[in-house]
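> Below you'll find the structure I mean.
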Amino acid sequence: MVLHRNLGPFDTTAIGLGEMPLTIENNLGPAKGVETIHAALDAGCRQIDTAWAYYCSGGEEQTGEKLIREAMSSWKGPKDEVLIATKVGHYRNFTDGKPTWDVDGSPENLIKCAKESAYELGVDTIDLLYLHRPDPKIPYGESIEAMKEIYDAGIAQTLGVSNASIEQMDIAQKILGDALVAVQNQYSPIYLETQDTLEHAARIGISFVCWSPLGGFRKPKDETKFDPFRKIAEAHGVSYQQVVLAWELAKDDHVFVIPGAHRPETILDSLKAGDLKLTPEELQMLP
Ligand SMILES: NC(=O)c1ccc[n+]([C@@H]2O[C@H](COP(=O)([O-])OP(=O)(O)OC[C@H]3O[C@@H](n4cnc5c(N)ncnc54)[C@H](OP(=O)(O)O)[C@@H]3O)[C@@H](O)[C@H]2O)c1
């Protein structure tokens, strides 16, 4: 069984499927996407992470949420056990011909996108809705007030913030109270700058969800950061990715990981990380 933990009111898996690679640039098509989601769910994964903005720049919007709806409607398992999280506040564009992630944290846009997310996911109420990223053009509290309006209208059961600093987490908790259940920040062996927010999440009683927990799907600048993980993986006869995820989960019980995958094989391997117990000596060798 995949390791379970409590995220707000949800009993879900500590390892979720990050949906982004299935619908942004270089994805392997919707059939492979559905196959990957079904493989994860069949293996016991009960958390999927998507966003309004997980589509290819210039292409059809919300394809990530549409793919999840399609996969959930054709999956024969217990749908009500699955926590589906999405995010609002980002959209795709081009800058100098390159696909980009732009932000619009205006209250009107957040409320409009939340309704669209619920519609495309095929639900009345979204399980967990994050504010994807602070918009420097909008005071953070204004974006968070819009999230409260979304919650009060019953469009989201619980709320999260993402790419948030300690100060922003505190602003969000002050306005949202118990509706705020998680912060989703980048965290991995190549990105430890958010350690302070991981610790703060524990202090204020919310979950910490690591995005790009394996360092992302682009080749990292410094591959050597993974060397100690590779060494431990060899001793256990598992992939180094499993060791990375197990190390993150060992940080504390409020930590979750959402590894991305383009295909069933990688998420099936990642889901085993909850069974991997690292010794205190091994954890000492890691950051
Ligand atoms: N909140 C935010 O602003 C934000 C930003 C970025 C990402 N995210 C979320 O975080 C999720 C994960 O991030 P990510 O997809 O960027 O990066 P990631 O999870 O760090 O890495 C994904 C890459 O790792 C590979 N992989 C995964 N498990 C593996 C395993 N067990 N063995 C070998 N390779 C493995 C995948 O390979 P294959 O490609 O071969 O399957 C994929 O290329 C996203 O899907 C998204 O949901 C959130």
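The values are calculated or read from the model by the stated rules, or taken from the named source; none is laboratory data. If you're wondering where the values come from, they're calculated on a predicted model, not measured in any experiment. Here the Cβ positions follow ideal geometry from the backbone for every residue, glycine too, while neighbour counts run over all protein chains shown. Note: areas computed on protein heavy atoms with side chains; ligands, DNA, RNA excluded. Shrake-Rupley method; radii C 1.70, N 1.55, O 1.52, S 1.80 Å.
> Would region 101-149 count as rounded, prolate or oblate if I go by the C-alpha gyration tensor, calling it rounded below 1.5 in a/c and otherwise prolate when a/b exceeds b/c, oblate otherwise?
prolate
> What percent does the relative contact order of region 15-84 come to when contacts are Cα pairs within less than 8 Å and at least six residues apart?
36 percent
> Sorted by accessible area (1.4 Å probe), largest first, how do 239, 162 line up?
Per-residue accessible area, sorted high to low, gives 239, 162.
> Taking 37 °C and 0.692 mPa s as the conditions, I'd like the Stokes-Einstein D for region 145-287 in µm²/s, using the Kirkwood hydrodynamic radius from alpha carbon pairs.
Using the Kirkwood radius from Cα pairs, D works out to 202 µm²/s.
> While we're looking at this one, here's another question. Could you sort 57, 73 by their accessible area in this structure, using a 1.4 Å probe and putting the largest first?
Descending order: 73, 57.
> Note down the accessible area of residue 285, probe 1.4 Å, to the nearest 10 Å².
Estimated to the nearest 10 Å², residue 285 gives 100 Å².
> Filter 87/277; 87/148; 32/79 down to the pairs with a C-alpha to C-alpha distance above 24 Å, please.
From the list (87/277; 87/148; 32/79), the Cα-Cα distance tops 24 Å for 87/277.
> May I ask you to order 212-218, 256-262, 79-85 by the average number of other C-beta atoms within 10 Å around their residues, highest value first?
256-262, 212-218, 79-85
> Name the residue, out of 133, 203, 263, whose mean-square fluctuation peaks in a Gaussian network model built on the chain with Cα pairs under 10 Å.
Of 133, 203, 263, the most mobile in the Gaussian network model is 203.
> Quote the FRET efficiency, to the nearest 0.05, computed for residue 102 versus residue 231 with a Förster distance R0 of 45 Å and r equal to the Cβ-Cβ distance.
E between residue 102 and residue 231, to the nearest 0.05, is 0.65.
> What percent do you get for the relative contact order of region 179-287 when only Cα pairs under 8 Å and 6+ apart count?
27 percent
> Calculated from DSSP H runs of 4 or more alone, at -39500 (n - 2.57) each and per residue, what is the 222 nm mean residue ellipticity of the chain, nearest 500?
-11000 deg cm²/dmol
> Determine the gain in length on full extension of the stretch residue 11-residue 268; use 0.36 nm per residue of separation and subtract their C-alpha separation, reporting nm with one decimal.
Between residue 11 and residue 268, full extension yields an extra 90.5 nm.
> Once neighbouring chains are kept in place and the probe is 1.4 Å, which whole percent of the accessible area of the chain is contributed by carbon and sulfur?
That fraction is 51 percent.
> On to the next question. Quick check: with the 1.4 Å probe, what order do 238, 2 take by accessible area, largest first?
I get 238, 2, largest accessible area first.
> Assuming a ≥ b ≥ c are the square roots of the Cα gyration tensor eigenvalues, decide whether region 189-269 counts as rounded (a/c under 1.5), prolate (otherwise, with a/b larger than b/c) or oblate.
Because a/c hits 1.5 or more and a/b exceeds b/c, region 189-269 counts as prolate.
> Roughly what % of Cα-Cα distances in the chain sit above 23 Å, to the whole percent?
52 percent
> Could you give the accessible area per residue of the chain, probe 1.4 Å, as a whole number in Å²?
Accessible area per residue: 44 Å².
> Here's another thing I want to ask about it. Determine the relative contact order of the chain: mean sequence separation of Cα pairs under 8 Å and six or more apart, normalised by residue count, in whole percent.
19 percent
> For region 1-58, count the residues as N, evaluate 2.2 N^0.38 Å, and divide the Cα radius of gyration by that value, please.
1.24
> Need the full-extension length gain, residue 112 to residue 178, defined as separation in residues times 0.36 nm minus the C-alpha distance. One decimal, nm.
Between residue 112 and residue 178, full extension yields 21.4 nm more.
> Report the calculated FRET efficiency for residue 94 and residue 204 (r = Cβ-Cβ distance, R0 = 45 Å), to the nearest 0.05.
Efficiency, rounded to the nearest 0.05: 0.75.
> Between rounded, prolate and oblate, where does region 83-169 land on the alpha carbon gyration tensor, with a ≥ b ≥ c its root eigenvalues, rounded for a/c under 1.5, else prolate if a/b exceeds b/c?
oblate
> A follow-up question, please. Run the numbers for residue 196 and residue 125: contour at 0.36 nm per residue of separation, minus the present Cα-Cα distance, in nm.
Difference between extended and current length: 22.4 nm.
> Compute the FRET efficiency between residue 56 and residue 281 as 1/(1 + (r/R0)^6), taking r as their Cβ-Cβ distance and R0 = 41 Å, and round to the nearest 0.05.
So, using R0 = 41 Å, E works out to roughly 0.35.
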